[in-house]
Amino acid sequence: STTPVKVAVTGAAGQIGYSLLFRIASGALLGPDTPVELRLLEITPALKALEGVVMELDDCAFPTLAKVEIGDDPNTIFDGANVALLVGARPRTKGMERGDLLEANGAIFTGQGKALNDHAADDIRVTVTGNPANTNALIAKSNAPDIPAERFSALTRLDHNRALAQLAKKTGTSVNDLKKLTIWGNHSATQYPDIFHAEVAGKNAAEVVNDQTWLENDFIPTVQKRGAAIIEARGASSAASAAAATIDHTRDWLRGSADGDWLSMAVVSDGSYGVPEGLISSFPVITKDGNWEIVQGLEINDFSRGRIDASAAELAEERDAVQQLGLI
Ligand code: NDP
């Protein structure tokens, strides 16, 4: 079709935005034959920088980029949006308590949830990248009662991709040989990268690795703390990989996961695997045509059980905190 798909991006002048917008505009999200209209939200002081980014988008002369709108009002920017990538969030600054962080982001995500509810297109799909991503998605969802709950998701695909890279390295294979890896829980240090159902060239990954010490003391903490390691090495937080994962997540949601494989996505829990109903938690999911389904029937061993429960408990605490603040 020739009608452009409207993709809204918040925090568009930020680091992740600087990688993300050019990939969306070049067709990486929707394919080379689908024109895209970018609708970019920023806070007022960042609009000038955003104008500079739009100048660069113009200068790329991307054949798939039909139009760009920018602004600081979500009611205008989300108007008619088919896809919303919520990247902008209030980062934790020095001296800020967790409650302060949740409150600052609460103001952003309540407003954006309401604006999506009132102005987005009927087929809207929402991906939250800005941290704390799961709880920000919960806040947006709760403030958008007319949008089906399953249209809200939070990003754990970067964690998934990081885990794939580590597992490929350990097993001397390529990421193309790996399937069925799962990130469970919160996009935080409690997330649990699970290789017990994963496959390396068709064989069970935990059996191929056969190294519990590596799993516990190397693999899991490396994936959990990868963000900090990148800040340490690069002097700035990961941005290009976060943008790539945001594209992977949303593209696969819209276009479908590969046969015989699954993805990790934080979606609203239906109580599967003992994760309390209503939390936005990462699960193994299969996607098709903009819908997702939690993979059912996986056997969860004791090692995995404790870790899934711990991350779900953290999400429940965050939910209780934002409930007390009146945000949901
Ligand atoms: P980034 O673009 O680097 O990050 C944006 C958000 O993504 C942060 O919350 C960050 O979390 C999160 N994130 C998720 N995964 C990752 C990852 N792997 N690595 C790094 N970040 C990750 O931040 P900038 O400060 O450069 O840009 C944010 C922009 O958002 C600013 O331009 C700001 O003006 C804007 N903003 C816009 C709003 C709006 O549109 N209404 C509201 C608030 C901010 P973490 O903080 O944990 O690193």
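Summary table below
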{"item": "Number of the condition not met by ALA121 [criteria: (1) surrounded by fewer than 23 Cβ atoms within 10 Å (Cβ to Cβ); (2) in contact with a Pro (Cβ under 7 Å, 6 or more places away or on another chain)]", "result": "(2)"}
{"item": "Top-ranked residue of segment 6-26 - restricted to ones that are within 17 Å of HIS249 (Cβ to Cβ) and surrounded by fewer than 21 Cβ atoms within 10 Å (Cβ to Cβ), ranked as nearest to the ligand (Cβ to nearest atom)", "result": "SER19"}
{"item": "Close pairs from segment 216-233: first closer than 14 Å to LEU158 by Cα, partner polar (S, T, N, Q) and assigned to a helix (DSSP H, G or I), Cβ under 7 Å, at least 6 apart", "result": "THR222/GLN166; VAL223/GLN166"}
{"item": "Those helices (runs of 4 or more DSSP H) lying entirely in segment 198-290 with at least 1 residues away from the ligand (no atom under 16 Å from the Cβ) and out of contact with any Lys or Arg (no Cβ under 7 Å at 6 or more places or on another chain)", "result": "205-209, 220-224, 240-255"}
{"item": "Members of segment 296-328 found to be in a loop (DSSP other than H, G, I, E, B), of a type in the set (Val, Ile, Thr) and within 17 Å of GLY278 (Cα to Cα), listed by number", "result": "ILE328"}
{"item": "Any hit, segment 91-114, residues being closer than 25 Å to ASP289 by Cα, β-branched (Val, Ile, Thr) and over 15 Å from the mean Cα position of the chain (by Cα)", "result": "no"}
{"item": "Selection count, segment 314-328, where residues are within 13 Å of THR190 (Cα to Cα) and free of Cβ contacts under 8 Å to residues at least 24 places away in the same chain", "result": "1"}
{"item": "Per-region count, segment 136-159, residues over 18 Å from VAL9 (Cβ atoms) and either of a type in the set (Ser, Thr, Tyr) or not in a loop (DSSP other than H, G, I, E, B) (or both)", "result": "8"}
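The numbers here are math on the coordinates, done by the rules we state, and not lab data. Bear in mind the structure is a predicted one, so any value in this text is a computation, not a measurement. With ideal geometry, Cβ positions are generated from the backbone for all residues, glycine too; neighbour counts draw on all protein chains shown.
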